[in-house]
1. Return only the number of the condition from (1) exposed (fewer than 13 other Cβ atoms within 10 Å of the Cβ); (2) of a type in the set (Asp, Glu); (3) within 18 Å of the chain's Cα centre (by Cα) that Asp93 does not satisfy.
2. Can you go through Thr87, Thr57, Thr154 and tell me which one is surrounded by 11 or more Cβ atoms within 10 Å (Cβ to Cβ), modelled with pLDDT of 95 or more, within 30 Å of Thr32 (Cβ to Cβ) and of a type in the set (S, T, N, Q)?
3. Here is a list: Val111, Val99. Which entry is under 13 Å from Val157 (Cβ atoms), in contact with a strand residue (DSSP E or B) (Cβ under 7 Å, 6 or more places away or on another chain) and β-branched (Val, Ile, Thr)?
4. Residue under question is Ala136, and the condition is that it be outside any strand (DSSP E or B) and more than 29 Å from Met79 (Cα to Cα); does it hold?
5. Looking at region 124-139, which of its residues are over 22 Å from Pro80 (Cβ atoms) and in contact with an Asp or Glu (Cβ under 9 Å, 6 or more places away or on another chain)?
6. Consider only pairs whose beta carbons are under 6 Å apart and that are at least six residues apart or on different chains; among these, list those whose first residue lies in region 76-90 and is touching a residue at least 24 places away in the same chain (Cβ under 8 Å) and whose second residue is basic (Lys, Arg) and surrounded by 12 or more Cβ atoms within 10 Å (Cβ to Cβ).
7. Consider only pairs whose beta carbons are under 6 Å apart and that are at least six residues apart or on different chains; among these, list those whose first residue lies in region 93-113 and is farther than 16 Å from Gly143 by Cα and whose second residue is loosely packed, with under 15 Cβ neighbours inside 10 Å.
8. Of everything in region 111-128, what is loosely packed, with under 12 Cβ neighbours inside 10 Å and assigned to a strand (DSSP E or B)? Give them in sequence order.
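The values are calculated or read from the model by the stated rules, or taken from the named source; none is laboratory data. Predicted, not measured: the structure shown is a model, and the values here were computed from it. Quick reminder, even Gly has a Cβ in these numbers, built from the backbone with ideal geometry, and neighbours come from all protein chains shown.
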Amino acid sequence: MTQTAPLAVLDPESPFVALSKQADLRVSVRRTLRAGTLTGTPVEDPGITPDHRHEMTRLDVLENDVDLVERAGQLLAAMPRRRLDVTASLSGDALTLEVDVTGADRLDVYVDDQPRASADATDEHRTITVDGVPGARVVRVEGFAAGELVAARTLRV
């Protein structure tokens, strides 16, 4: 359905006002549907709630978001550093993981979607051996800090 009247005319309660000097703006809205097991059902996700808001500035508009990038850099610099690098090697039925970790205190290991090990991340480098996993295909390592998931890596063996 196409409506050409100004929004203020179509909906008197609209917070939007008519554009000046006969300016026109067209907006298209398309309903998004899910795929997979929920095929055909609408996606009505409210999205995320931002932790921080940035009001766009004149410099953002004229100079490629310079103030936005500066503010994002400040927020990122204030956050704790996280690192989770994992390499995996399978020998027989033993999977050996070499893990470099920063900013996590516990590591959980899943092999082919099954929980297989948990280890404290007290050192920056850990070797974790998971026995009894012949033919392992996928390993996922999750890093936690104070019980909160802060990093994850999934790799094919």
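1. Evaluating Asp93 over (1) exposed (fewer than 13 other Cβ atoms within 10 Å of the Cβ); (2) of a type in the set (Asp, Glu); (3) within 18 Å of the chain's Cα centre (by Cα) leaves (3) as the failure.
2. Thr154 is the lone residue from the list that is surrounded by 11 or more Cβ atoms within 10 Å (Cβ to Cβ), modelled with pLDDT of 95 or more, within 30 Å of Thr32 (Cβ to Cβ) and of a type in the set (S, T, N, Q).
3. None of the other options fit; the residue is Val111.
4. On the way: outside any strand (DSSP E or B): yes; more than 29 Å from Met79 (Cα to Cα): yes.
Criteria met by Ala136.
5. Residues satisfying the conditions are Thr127, Ile128, Asp131, Gly132, Val133, Pro134, Gly135, Ala136, Arg137, Val138, Val139.
6. Leu84/Arg153; Val86/Arg153
7. Asp93/Gly132; Asp93/Pro134; Ala94/Thr129; Ala94/Asp131; Thr96/Ser89; Thr96/Thr129; Asp112/Arg137; Asp112/Val138
8. Gln114, Pro115, Asp120, His125, Thr127
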